[in-house]
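Reviewing the structure listed below.
The numbers here are math on the coordinates, done by the rules we state, and not lab data. Every value quoted in this text rests on a predicted model; they were computed, and no experiment measured them. Here the Cβ positions follow ideal geometry from the backbone for every residue, glycine too, while neighbour counts run over all protein chains shown.
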Amino acid sequence: MNMNFKRKLPIPQEIKEMYPISSEMQAVKEKNDKEIAKVFTGESDKLVLVIGPCSADREDSVLDYISRLQRVQEKVSDKIVIIPRIYTNKPRTTGDGYKGMLHQPDPHENPDMLNGLIAIRKLHIKAIEETGLTCADEMLYPYNYRYLNDLLSYVAIGARSVENQEHRLTASGLDIPVGMKNPTSGDISVMMNSITAGQHKHTFIYRGWEVETEGNPLTHAILRGYVNKHGQSLPNYHYEDLAHLSETYAKTNLQNPGVIVDTNHANSGKKYLEQIRIAKEILHSTRHNEDVKKLVKGLMIESYIEDGAQKPDGCTYGQSITDPCLGWEKTERLILDIAELR
């Protein structure tokens, strides 16, 4: 076997004992989870915003960014529920490049998985302690979820993972909303099958245990655009796409039909400034069809302190080192506009 087993890492329980959360933090998470769940069950007509950097690259700027979100959340709390993105794993199309804080807690240093596990747990803990907001992460590695399961309020399954059996079955055992992205091919049936799997009961092997799950009724869709056979990015956020998804849901027995629309990635063609226009177009669509309005539970927006992106070895504070993001001034204005249009 061409693998070098460097060291055995602590299991989730050991990391949690090293970096525990307080009863006050547990209460904050329970409160936030209930408010978020009500959006997906239809008990609340607020809009969820899963918003933040493409990838969390450093603790200080990420916490600074989330503290700014917290202040805006106070202004829009009657219309919007903000879930900050702290994405600590970065899927790479070719496998090369910066893979996120889990792999490299310091993007200027070599990979260090142990310190990465510690860094991502400490970051999520500090976000709750300092802002009262509980965050979202992408479940790139299902086995790693339990290092953060007591801290997260939202999980996304990426376009390259959504067809994977392990991701689908693990999602069925979570008790928070899990968004299933459409695959890069754009095949909506793949996404719908993943939602079905996530909502059903399963028995499978997880972290060396035989486990049973009850199914997760908060599993839902994420539309993120797609890539055609010529490698061109194409959107799926338009009115017709949302109406079609609503009709597709109506033919199923799935619980809590819902979609979060990703305003970046293939939907924007990675033209990050287009997120502003796309977000407003989606809200416009919801005003013309009651079924579409009920279906759209929120938006996913890539945003940070500074506009654009830089190389991983860059030194600009609060600027993405992966995909380009909206800067803070544009982000704040967009959130306030969304609340006004809602």
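Applying the criteria of a DSSP loop state and at most 14 other Cβ atoms within 10 Å to the trypsin sites (Lys or Arg not before Pro) of the range 77-146 yields ARG92. Largest GNM mean-square fluctuation across MET25, MET192, MET101, computed for the chain with C-alpha springs under 10 Å, falls on MET25. Only DSSP H runs of four or more residues enter the estimate; each adds -39500 (n - 2.57), and after division by the residues of the chain the mean residue ellipticity at 222 nm equals -11500 deg cm²/dmol. Of the residues GLY173, ILE11, THR248, the one whose Cα sits farthest toward the positive end of the charge dipole of the chain, with +1 on the Cβ of Lys and Arg and -1 on the Cβ of Asp and Glu, is THR248. The count of lysine pairs in the range 101-257 whose Cα atoms are under 27 Å apart, excluding pairs fewer than 8 places apart on the same chain, comes to 4. If you compute semi-axes √(5λ) of the Cα gyration tensor in Å for the structure shown, which of [x] 28, 24, 21; [y] 33, 27, 16; [z] 37, 23, 19 do you land on? Given [x] 28, 24, 21; [y] 33, 27, 16; [z] 37, 23, 19, the calculated one carries the label [x].
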